[in-house]
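The values are calculated or read from the model by the stated rules, or taken from the named source; none is laboratory data. Remember, predicted model here, so these are calculated numbers, not experimental data. Cβ coordinates were reconstructed from backbone atoms using ideal geometry, including for glycine residues, and neighbour counts include every protein chain displayed.
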């Protein structure tokens with residue numbers, strides 16, 4: 001940052017935009033790294049993870065960038081499961097198997113699929129049943145491995161993008 005400020009000392013009005021552009025790009029790359037880490041460990045789709053994430057972009061007046069994730073617990077239908085289509089009620093009963101984390105599918109006892117959702121009977125009787133859920137995306141993102149990977153990605157992206165933005169601004173100033 002000090003190097004960039006020193007290089008741009010002649011055009012000080014460009015410094016905030018250089019920093020905001022670099023910060024915004026670093027946040028986007030951090031989001032991509034977070035999605036990649038979560039989908040590497042869990043069987044959830046990248047689109048499902050991306051939908052929970054928001055980037056508050058930096059501006060020239062406010063040099064703060066936030067990468068946040070908000071969301072409720074995900075239903076098991078968002079993860080890898082078998083059978084993947086159709087209902088498993090009536091005479092067509094098949095064992096439901098689910099894989100939340102990568103590595104293998106595990107059977108879910110007394111479970112069935114109805115209208116695309118996975119339910120489990122709470123006893124041997126027909127009722128009561130409950131829909132099954134797993135972790136929320138923010139919980140998956142709060143893993144130490146994911147946090148470290150995102151932090152490293154954002155830091156390296158910030159330094160690369162800062163160099164790029166400084167060069168771009170200096171080339172504009174020369175023209």
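Would you be able to say whether some residue in region 8-27 is within 30 Å of residue 75 (Cβ to Cβ), assigned by TED's automatic domain parsing to the domain that holds residue 163 and modelled with pLDDT of 95 or more? Full working, then the answer.
Keep residues of region 8-27 that are within 30 Å of residue 75 (Cβ to Cβ), which gives 27.
Add one more test, that the residue is assigned by TED's automatic domain parsing to the domain that holds residue 163, and what stays is 27.
After this cut, where a residue has to be modelled with pLDDT of 95 or more as well, the list is 27.
The answer is yes; a qualifying residue exists.
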Failed item, numbered, when residue 173 is tested on (1) surrounded by 12 or more Cβ atoms within 10 Å (Cβ to Cβ); (2) assigned to a helix (DSSP H, G or I): (1)
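What about residue 157, is it in contact with a helix residue (DSSP H, G or I) (Cβ under 7 Å, 6 or more places away or on another chain), under 19 Å from residue 16 (Cα atoms) and loosely packed, with under 13 Cβ neighbours inside 10 Å? If you could, list the steps in order and put the result at the bottom.
Numbers: in contact with a helix residue (DSSP H, G or I) (Cβ under 7 Å, 6 or more places away or on another chain): yes; under 19 Å from residue 16 (Cα atoms): yes; loosely packed, with under 13 Cβ neighbours inside 10 Å: no.
Answer is no for this residue.
Would you be able to tell me the number of residues in region 77-107 that are out of contact with any helix residue (DSSP H, G or I) (no Cβ under 8 Å at 6 or more places or on another chain) and either part of a strand (DSSP E or B) or on the phi > 0 side of the Ramachandran plot (or both)?
Taking region 77-107 as the starting set, the residues that turn out to be out of contact with any helix residue (DSSP H, G or I) (no Cβ under 8 Å at 6 or more places or on another chain) are 77, 79-85, 87-97, 99, 103-107.
Right, trim to either part of a strand (DSSP E or B) or on the phi > 0 side of the Ramachandran plot (or both) and you get 80-82, 90, 96-97, 99, 103-104, 106-107.
Looking only at that region, the number is 11.
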Region 67-76 - residue that is more than 25 Å from residue 127 (Cα to Cα) and assigned to a strand (DSSP E or B) and, of those, nearest to the chain's Cα centre (by Cα): 69
Given (1) assigned by TED's automatic domain parsing to the domain that holds residue 58; (2) surrounded by 10 or more Cβ atoms within 10 Å (Cβ to Cβ), index of the condition residue 144 fails: (2)
Selection count where residues are over 25 Å from the mean Cα position of the chain (by Cα), within 24 Å of residue 39 (Cα to Cα) and either assigned by TED's automatic domain parsing to the domain that holds residue 143 or exposed (fewer than 12 other Cβ atoms within 10 Å of the Cβ) (or both), scope region 83-113: 2
Qualifying residue in region 114-135 (condition: over 30 Å from residue 30 (Cα atoms), modelled with pLDDT under 95, touching a helix residue (DSSP H, G or I) at 6+ places or on another chain (Cβ under 7 Å) and surrounded by 12 or more Cβ atoms within 10 Å (Cβ to Cβ)): yes
Enumeration of residues in region 51-61 that are surrounded by fewer than 17 Cβ atoms within 10 Å (Cβ to Cβ) and either assigned to a helix (DSSP H, G or I) or in contact (Cβ under 8 Å) with a residue 24 or more places away in the chain (or both): 51, 55, 57, 59, 60, 61
